[in-house]
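Colleague: Here you go, one structure.
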Amino acid sequence: MSSPDAPQPNPLHLLAAFGSGGLLTMMVFLNGEAGSHGGALFSSWLAHGTGTVAAIIFLAVLWRRRPATGETRAKAALWAYLGGVSGAATVMLTSTTVNTPLALAGTLALGLAGQVVFSLAADQWGFFGLPKRRLGLRDAGAVALIVVGSLLIILFGVGASA
Amino acid sequence: MTLFITYALTAGILVGLSRQLNGRLALSTSPLIASFFNHAIGFVFLTILGLILGNLLLPGASSTPWWAYLGGPVGVIFVASGSWLIARIGAVNTALLVIGGQMVSGVALDLARGAPLTLWASALGVVLILAGMALTQKRR
């Protein structure tokens, strides 16, 4: 049967994405500790600095193990290198909003909304040269369940008990 | 207040934008190289910003425990994995599953360290997230 839906994703890839959410929890916890000592700007600066050093070490280790391949790939445009600026700007915005009446819960809930809207548009039109994915009803149902579940945790679950 | 709501929404959009850009860079290089540039260029940007604002190194900064420095290395793996996954499962699946994993592990962390938690809302939230994950896998 032909269907406009995106192909079935590999379950291992989905599990990896879910697992990487655990890395994010760990990262937020560690960076939050740095932020409680030196402030939000210092925390983000430190994480980007130690991350740069760690990436160089990881690359050096992999470089020594990997045999050279003659493969050449299409070069990326300069704008593709700006993901780090976007990420750094995110920290500036969220470290502002957590100290407003929005607090952490509002910041997380609105950030979730922003991510969902952006990612839906990104898949629909294939933003910045990544593959397009037509989403079906099943995907819409999954999005709705995960969004409602996350909002329950953010707004009524974690840290919200009076 | 409208301004702060716009800030928080924009932050979410920038998270998606960052992953999209890093994912594109990873196609031309590798996920780990994309993660390196993400951190190195972010570091340069924040250094310049800190020098302009003059509040990069507050007095408390030097008392940061050594283990808090590990947020960066963990972030390198996180950005590399997102850059690899987005080209394979798409932006929506990556964003939603990362958020789902963050929520479920956050609830687990709070349970483990005895932080305040409203159990019914957290448990129902976890069930809905897992149901959403199962739905992405359901055969047509």
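Just so it is clear, none of the values below were taken in a lab; they were calculated from the coordinates. These numbers were taken from a predicted model, which means no experiment stands behind them. Cβ coordinates were reconstructed from backbone atoms using ideal geometry, including for glycine residues, and neighbour counts include every protein chain displayed.
Colleague: Of the residues A:HIS37, A:HIS48, A:HIS13, which exhibits the maximal mean-square fluctuation in a Gaussian network model of chain A defined by a 10 Å Cα contact cut-off?
Modeller: Its mean-square fluctuation being the largest, the pick is A:HIS13.
Colleague: For an R0 of 22 angstrom, estimate the FRET efficiency from the Cβ-Cβ distance between A:LEU155 and A:SER36 and round to the nearest 0.05.
Modeller: 0.40
Colleague: What percent do you get for the relative contact order of the stretch B:5-84 when only Cα pairs under 8 Å and 6+ apart count? Could you put the intermediate results ahead of the total?
Modeller: Working: 42 pairs, mean separation 38.6, N = 80.
Taking the mean separation of contacting Cα pairs over the length of the stretch B:5-84, I get 48 percent.
Colleague: Could you sort the peptides A:22-30, B:95-103 by per-residue average Cβ neighbour count (10 Å cutoff), highest mean leading?
Modeller: Highest to lowest by the protection proxy: B:95-103, A:22-30.
Colleague: Per 0.36 nm of contour for each residue apart, how much would the distance between B:SER62 and B:ALA112 grow if the chain were fully extended, relative to their Cα-Cα spacing?
Modeller: Value of the extension gain: 15.1 nm.
Colleague: Also, quick follow-up: If R0 is 25 Å, what FRET efficiency do you get for B:VAL127 and A:LEU15 from their C-beta distance, rounded to 0.05?
Modeller: 0.90
Colleague: Give me a single rounded figure for A:103-111: the average over its residues of other chain Cβ atoms within 10 Å of their Cβ.
Modeller: Mean partner shielding for this stretch: 4.
Colleague: Could you give me D for the protein assembly as shown, from Stokes-Einstein at 20 °C and 1.002 mPa s, where the hydrodynamic radius is the Kirkwood radius over C-alpha pairs? Units µm² s⁻¹, please.
Modeller: Estimated via Stokes-Einstein, D reaches 109 µm²/s.
Colleague: If you find the alpha carbon centre of the stretch B:91-135 and of the stretch B:61-82, how far apart are they in angstrom?
Modeller: The stretch B:91-135 and the stretch B:61-82 have Cα centres separated by 22 Å.
Colleague: How crowded by other chains is A:58-64, given as the mean number of beta carbons from other chains within 10 Å of each beta carbon?
Modeller: 2
Colleague: How high is the relative contact order of chain A, in percent, counting Cα pairs under 8 Å that sit 6 or more residues apart?
Modeller: Relative contact order here is 26 percent.
Colleague: Could I ask something else about it? Rank the residues B:ILE77, A:ILE56 as a footprinting-exposure proxy: fewest other Cβ atoms within 10 Å of their Cβ go first.
Modeller: A:ILE56, B:ILE77
Colleague: Right, something else. Could you tell me what % of all Cα pairs in the stretch A:12-66 have separations over 14 Å?
Modeller: Value for the stretch A:12-66: 67 percent of Cα pairs lie more than 14 Å apart.
Colleague: Report the residue, chosen from A:ALA89, A:ALA16, A:ALA34, that carries the largest GNM mean-square fluctuation when chain A is represented by alpha-carbon nodes joined by springs under 10 Å.
Modeller: Of the options given, A:ALA16 has the highest mean-square fluctuation.
Colleague: In whole Å and largest first, what semi-axes does the C-alpha gyration tensor of the stretch A:53-127 yield when each eigenvalue is scaled by 5 and square-rooted?
Modeller: Details: eigenvalues 243, 75, 25 Å².
Whole-Å semi-axes of the equivalent ellipsoid: 35, 19, 11.
Colleague: Let me test this: with uniform point scatterers at the alpha carbons of chain A, what is the Debye-based log₁₀ I(q)/I(0) at q = 0.12, 0.14 1/Å?
Modeller: For chain A, the Cα-only Debye profile gives -0.80, -1.07.
Colleague: For peptide B:101-114, compute the average count of partner chain beta-carbon atoms within 10 Å of each residue's beta-carbon.
Modeller: 6
Colleague: Quote the FRET efficiency, to the nearest 0.05, computed for A:THR100 versus A:LYS132 with a Förster distance R0 of 35 Å and r equal to the Cβ-Cβ distance.
Modeller: Given R0 = 35 Å and the Cβ-Cβ separation, E is 0.40.
Colleague: Let me have the relative contact order for chain B, percent, based on Cα pairs under 8 Å that are six or more residues apart.
Modeller: Contact order relative to length: 27 percent.
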